[in-house]
DNA sequence: ACTCTAATTAGAAAAATATCTAATTAGAGA
DNA sequence: TCTCTAATTAGATATTTTTCTAATTAGAGT
């Protein structure tokens with residue numbers, strides 16, 4: 001899984017909403033685009049970023065292109081984020097002799 | 001929780017590793033910096049991004065500054081990411097009459 | 001073959017990000 | 001107070017990202 005591309009993809013609110021919408025099933029580029037106040041070419045670059053991260057796949061049906069969420073990669077991404085942020089893990093036992101002082 | 005700042009913070013590999021390291025307990029700016037091949041000022045900007053996202057807190061002890069992981073925000077961030085990517089959720093029942101075609 | 005629609009690619013501009021060196025701040029200790 | 005150390009802020013530059021309009025591609029239908 002391309003953790004770098006995946007987390008870059010997740011760093012933009014429009015791309016996050018695209019993912020959320022695709023959880024309910026595939027949608028065309030045009031349908032997706034209609035929800036956001038940006039141009040279609042801008043949406044295309046967001047789709048490209050999500051494809052680059054393998055978070056979505058594209059499938060052409062005649063003249064329209066339908067995007068699908070790649071649930072496998074979505075789940076891998078969740079695991080990876082838990083691995084980074086620490087899935088309910090415990091701090092190592094404290095080592096003494098470190099004076100604590102005021103916050104900044 | 002500042003989802004935008006949090007996910008921006010997670011989008012850089014150095015910042016991700018800072019978080020991972022702080023899971024084992026607080027560390028000073030200098031200790032953290034020694035693990036990466038970038039300058040100290042660059043590390044300061046990464047610390048600032050993490051502080052802005054409330055993922056870490058700073059505490060001064062004399063001349064050194066110790067950074068702590070904010071586990072509360074880290075856990076909120078995990079929940080948020082699961083909410084976006086879909087924590088084991090199911091697709092809505094399929095609607096028919098959508099022809100499927102070749103991938104692109 | 002023409003034309004219409006859906007979407008992308010091309011090219012450009014503005015904004016944000018990442019990085020560096022130099023300068024500054026802040027505390028500790030002689 | 002001077003000086004040393006740890007770290008940040010200032011200022012500059014290069015790169016990347018986001019966004020736009022205009023042009024192109026691709027398929028469907030007439």
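Scanning region A:16-33 for residues being within 13 Å of DNA strand C (Cβ to nearest atom) and not in a helix (DSSP H, G or I) gives a total of 3. Of everything in region B:1-15 that is away from DNA strand C (no atom under 11 Å from the Cβ) and within 18 Å of residue A:82 (Cβ to Cβ), the residue that is surrounded by the most Cβ atoms within 10 Å (Cβ to Cβ) is B:6.
Going residue by residue through region B:75-96, is there one that turns out to be under 18 Å from the mean Cα position of the chain (by Cα) and more than 26 Å from residue A:71 (Cβ to Cβ)? So far as region B:75-96 goes, no, none of its residues is under 18 Å from the mean Cα position of the chain (by Cα) and more than 26 Å from residue A:71 (Cβ to Cβ). Which residues, counting only those in region B:26-47, are within 8 Å of DNA strand D (Cβ to nearest atom) and within 13 Å of chain A (Cβ to nearest Cβ)? Matches in region B:26-47: B:28, B:29, B:31, B:44, B:47. Return the residue satisfying two criteria in turn: it lies in region B:16-25 and is within 8 Å of chain A (Cβ to nearest Cβ) and crowded, with 19+ Cβ neighbours inside 10 Å, and of such residues it is nearest to residue A:9 (Cα to Cα). Ranking the candidates gives B:16 first. For region A:34-64, a tally of residues being on the phi < 0 side of the Ramachandran plot, outside any helix (DSSP H, G or I) and surrounded by fewer than 18 Cβ atoms within 10 Å (Cβ to Cβ) returns 13.
Between A:55, A:10, A:50, the distinction of being within 9 Å of chain B (Cβ to nearest Cβ), in contact (Cβ under 8 Å) with a residue 40 or more places away in the chain, under 22 Å from residue B:15 (Cβ atoms) and in contact with a strand residue (DSSP E or B) (Cβ under 8 Å, 6 or more places away or on another chain) belongs to A:55 only.
Only the coordinates and a few stated rules stand behind these numbers; no lab work does. Everything quoted here is computed from the prediction, not taken from an experiment. When we count neighbours, we look across all protein chains shown, and the Cβ atoms used for this are built from the backbone with ideal geometry, even at glycine.
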